[in-house]
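Structure record follows, encoded as structure tokens.
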Amino acid sequence: MSAPLFASRHFRAEREADWARLETLLDLVETKSPKRLSEDDLIELPRLYRATLSALSVARDTSLDASLVAYLESLSTRAYFVLYGCRAPWGRQIAGFFRQGLPQAVRALWPEILLATVLTILSAIAAYALVRAQPAWFGAMIPIELASGRDMNATTEFLRSSLYDAPDKAGLELFATFLFTHNAQVSFLCFALGFALGIPTLILLVQNGTMLGAMFAVYAPHGLAPGLFGWLMIHGSTELSAIVLAAAAGLRVGRAIAFPGERGRIAAVGAAGRTAATAMLGVVLMLLVAGLLEGFARQLVTRDSARYAIAGTMFALWLGYFTLAGRTRRG
């Protein structure tokens, strides 16, 4: 019983000065700045790290006490991240995230993005056809109190005024506020509910698409579909893209749970979660931009041509950013 204890004490006594010195240097780097290290410190740090790794290997092989092994593992891990981890300034890390991390994560989700886009479009088309054929379905897709008279019985003048009148007179202001809040909620729910094999995410996408299709079924017979499209897309080109991206992130997590592959479920979900979480930061940014467009541009811009120009510009910017940014040059 005394031999291992003596060996552990002897082993510690020979090396603990190096460990204490390494701890001191690590504390200096972690709490203040690497710039506080002198040239001698910078030369000494890798040597102390290698010595600690060697001591950890010996401690494991000779079955020394568990507390010593745990201490050496913790010290080695700290030293590893100081020596090889990312120590770039916050500004550079943020720039790197927007320059490479975010667009690369979004491109990795392209199969799910395609599925979410197609499902949204098809559900909108189906709802449009259903409401045109059976107007009673409109109330099932959009609450009557929210429609505020914008239903299949509305007059052309009333619908036109809701699109082009001043903000204090426009009938669609309540609907616009609801739509933005609703879309933001849908975005986060699409991601959060992805763990349920992606099924709730698909349902939410269908529900969101049917609302759009139902509204177009009201305006199209009066020749106002292009006006409604411009009114919606001035912020919807960003907002709906955010929903699609959030849904893609949720579907990626759901797919990893359902079909983990050879890596195993935990590893697959971990990898999918990291990609999805990165994409969700982009969703938050897009919703912030959409909120600004909904709050200002949509109310100040009343010409269809200007609305289409803003919508097209925003969509082109997002598409170009996510498609082209962060690509590595070959050759």
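Coordinate-derived values only; no laboratory data. None of these values were measured; they are calculated from a predicted model. All Cβ positions, glycine included, derive from the backbone under ideal geometry; neighbour counts span all protein chains shown.
Some values worked out for this structure:
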quantity	calculated
Residue-averaged [θ]222 nm for the chain, counting only DSSP H segments that reach four residues, each worth -39500 (n - 2.57)	-25500 deg cm²/dmol
Approximate spin-label separation residue 122-residue 58, in nm, with each point projected 7 Å along Cα-to-Cβ	6.6 nm
Per-residue ³J(HN,Hα) for the range 231-248, Karplus 6.51 cos²θ - 1.76 cosθ + 1.60, θ = phi - 60°, Hz, x for Gly and Pro	4, 6, 6, 4, 10, x, 4, 8, 5, 5, 5, 5, 5, 4, 5, 5, 5, 4
Using alpha-carbon coordinates, inclination of helix 2-31 to the longest axis of the chain, degrees	50 degrees
Full-stretch length increase - residue 325, residue 81 - with 0.36 nm per residue and alpha-carbon distance subtracted	85.0 nm
Additional length obtainable on full extension of the chain from residue 13 to residue 192, 0.36 nm per residue less Cα span	59.2 nm
Segment residue 90-residue 206, extension gain: residue separation times 0.36 nm, minus the distance between their alpha carbons	37.8 nm
Pairwise FRET efficiency - residue 66 versus residue 21, Cβ, R0 = 25 Å, nearest 0.05	0.55
³J(HN,Hα), Karplus 6.51/-1.76/1.60, whole Hz, each residue of the range 205-213, x for Gly, Pro	5, 5, 4, 5, x, 5, 4, 5, x
Vicinal HN-Hα couplings computed from phi for the range 93-108 (Karplus, 6.51 cos²θ - 1.76 cosθ + 1.60; Hz; Gly/Pro x)	5, 5, 4, x, 5, 6, 7, 10, x, 5, x, 5, 5, 5, 5, 5
